[in-house]
1. Of all trypsin sites (Lys or Arg not before Pro) in the stretch 337-416, which ones are in loop regions per DSSP and have a Cβ with at most 16 other Cβ atoms within 10 Å?
2. Run through the stretch 516-575 and list the trypsin sites (Lys or Arg not before Pro) located in a DSSP loop whose Cβ has at most 11 other Cβ atoms within 10 Å.
3. Which value in nm describes the separation of the simple spin-label points at Glu292 and Asn147, placed 7 Å from the Cα toward the beta carbon?
4. Residues in the stretch 148-171 near a label at Arg184, defined as backbone nitrogen under 11 Å from the 7 Å Cα→Cβ point?
5. In nm, to one decimal, how far is the modelled label at Ser111 from the one at Gln124, with both set 7 Å along Cα→Cβ?
6. How high is the relative contact order of the stretch 210-340, in percent, with contacts defined as C-alpha pairs under 8 Å that are six or more residues apart?
7. Enter the Cα centre distance for the pair the stretch 533-575 and the stretch 393-466, rounded to the nearest angstrom.
8. What is the gain in length, in nm to one decimal, between Glu172 and Gln131 on full extension, counting 0.36 nm per residue of separation less the C-alpha to C-alpha distance?
Amino acid sequence: MEHETGKYIHRERPWLKILFLGMCSGMICFLVLWSHMGNERKKQSPHSLLFPYFARLHNSSSHADDVSEISSEEKLTSSFYSEFGISSERYSSLQQTLYWAGPDRSVTDVSMSTSPAHSTFIIQNLKDSYQIGEELFVTIHARNFNNDSKSYGGDFFQAKLFYSKKASVFGEVMDLLNGSYSVRFLLPWVGPAQVAVRLIHSSEAVQVLKHHTETDSDRVSFFGYFEGPGPNGIKLKETVLCNVKSDKNGLERIKKGNCCCEYKDSRTGEEWRCQRPKSLPCSARVYHSFAEYINHVTAEEAKFLNPSNKGINGQKSTVMILPSNGSTSIDVREKCRPGLNSPVPAGFYLNDVWTSFVCKTRHFTPETTTQCLKDKHIYMMGDSTVRQWFEFLLKAVPSLKQMNLHVLYQAGPLIAVDVGNNIDLHWRAHGIPLRCKKTEMTNLHYTSNEIDDLTGGPHTVVVFHLGIHFTSFPLDVFIHRVLRVRKAVLDLLKRAPETTVILKTVNTGFKDVFTSDWYSLQLDRVLRWAFQDVGVYILDVWQMTACHYNKENIHPGRVIIKNEIDILLSFICPE
């Protein structure tokens with residue numbers, strides 16, 4: 001994801017007495033009062049995540065007189081079940097997947113929020129030594145800025161076990177809902193190790209993030225460029241604001257009356273709208289670009305968001321890991337195949353080489369990479385983190401030659417070919433919303449439409465990803481996009497079951513109010529929920545980007561990309 005264009009704007013808006021009602025994740029509905037930290041909760045129905053989206057779909061395509069006939073959640077979501085093939089029970093499980101605890105009281109004073117300086121961790125039952133394959137447990141105690149113990153959960157902690165720059169593994173954090181957290185580590189290498197824990201966001205800060213993702217769809221906005229003939233043969237050009245169709249993106253507030261041009265993709269049902277140009281028709285839209293970031297966070301809220309991503313103090317003891325005496329083992333013998341679950345940890349780094357616990361992967365040279373991709377048509381779709389894979393393979397296979405399609409590189413499409421080995425490698429952005437420089441609308445295709453247009457077969461590899469460009473929108477927008485892609489993948493595998501389909505999960509990297517890792521984690525959970533039973537390979541990069549010694553970056557360094565590519569190729573060419 002790039003941020004090369006646009007500008008950052010801070011706009012404070014007056015608080016309403018009730019700032020926020022409901023969380024799109026569907027499990028808990030927080031009534032947030034003046035301080036955005038309400039303490040009332042109520043259960044939502046299993047339909048409520050997509051209810052706003054399907055209500056908009058229905059209302060945009062129905063006469064006003066007909067709306068009352070199909071106004072209930074049950075009627076609206078019945079079309080959801082039939083269209084996407086998701087059972088009510090399966091959809092209810094998404095509530096569990098997205099559940100996140102929060103404060104059990106109103107918190108108006110920042111001193112009551114979680115302090116990284118006062119929070120601590122201890123190693124449980126520390127021993128003189130451990131064997132490789134054993135587990136280590138750590139307890140985190142959250143304390144506020146008054147150094148008082150917290151009594152509720154919802155803090156966003158990340159943990160890893162590491163040794164210098166030689167080895168690292170991701171730790172699984174469990175919220176005990178009482179101000180304490182349990183972390184489980186697998187001990188996967190021989191040698192010393194230490195524990196590191198970071199507070200990414202306090203539980204109070206998470207409530208701020210929840211509020212703004214559900215109420216401010218214009219935090220990231222876009223431009224639409226219109227061109228057409230004018231009087232006396234003069235070419236007219238107009239630039240207006242655009243965004244996803246939502247009653248929360250502000251377009252209707254900026255321009256009253258005949259607000260907008262609306263665009264609905266006939267195949268996906270995705271809806272987009274732009275302010276109506278003064279002189280040109282809606283059909284004259286030619287280009288798209290990122291416009292600006294608008295910060296709706298108030299000064300009071302900002303106090304809860306800072307500090308973020310800070311290490312906490314804890315037991316600095318060095319854990320000694322010895323070779324196994326035979327009672328423990330971490331060998332992975334499972335052959336890579338679709339449908340395997342991604343455990344925690346999904347693997348570990350040792351001397352910058354990732355060993356997977358998902359299946360038996362291998363490490364590729366330029367020669368074996370070329371051999372693996374021979375006679376393959378590889379279609380990559382997503383954001384710039386997938387484009388990094390395209391760029392890596394372009395360098396790893398010297399015989400691949402990129403063609404100049406005279407398009408904006410940020411958005412694609414990009415293509416490279418190796419005629420001698422019959423390889424063609426494609427990359428294309430996932431379509432709007434896309435934060436990019438000015439690019440032709442005709443090049444921005446929805447991923448599900450692209451997959452629907454593929455024949456598939458044993459020589460076809462499809463790699464797709466959705467993530468960071470959706471962090472500023474209500475979750476129902478992302479869920480609908482994901483389920484459209486899910487349906488397209490299911491249809492592809494039905495007509496061409498030998499097609500290799502690979503889902504890349506979401507990277508870590510951002511900690512701000514627009515693209516925080518907490519947002520990314522929610523999107524990541526939706527992706528895994530949607531595709532866990534579809535028959536695709538799931539390439540878990542969340543853990544790979546979270547536990548490496550390099551500073552987190554949404555565009556990870558080459559050493560991480562190399563390990564991701566090794567897994568990718570192991571999926572394409574399993575042993």
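The values are calculated or read from the model by the stated rules, or taken from the named source; none is laboratory data. Bear in mind that the values here come from a model prediction, so they are computed numbers and not experimental data. Because the Cβ atoms are built from the backbone with ideal geometry, glycine has one as well, and the counts that use them run over all protein chains shown. Areas reflect the complete protein model, heavy atoms only, side chains present, ligands, DNA and RNA absent. Shrake-Rupley method; radii C 1.70, N 1.55, O 1.52, S 1.80 Å.
1. On the way: sites: Lys360, Arg362, Lys374, Lys376, Arg387, Lys395, Lys401; in loops: Lys360, Arg362, Lys374, Lys376.
The qualifying sites are Lys360, Arg362, Lys374.
2. Numbers: sites: Arg525, Arg528, Lys551, Arg558, Lys562; in loops: Lys551.
Counting only loop positions with at most 11 other Cβ atoms within 10 Å, the trypsin sites (Lys or Arg not before Pro) in the stretch 516-575 are Lys551.
3. Modelled inter-label distance: 4.6 nm.
4. From the stretch 148-171, the list is empty.
5. That separation, rounded to one decimal, is 3.4 nm.
6. The value is 27 percent.
7. Rounded to whole Å, the Cα centres lie 19 Å apart.
8. 12.8 nm
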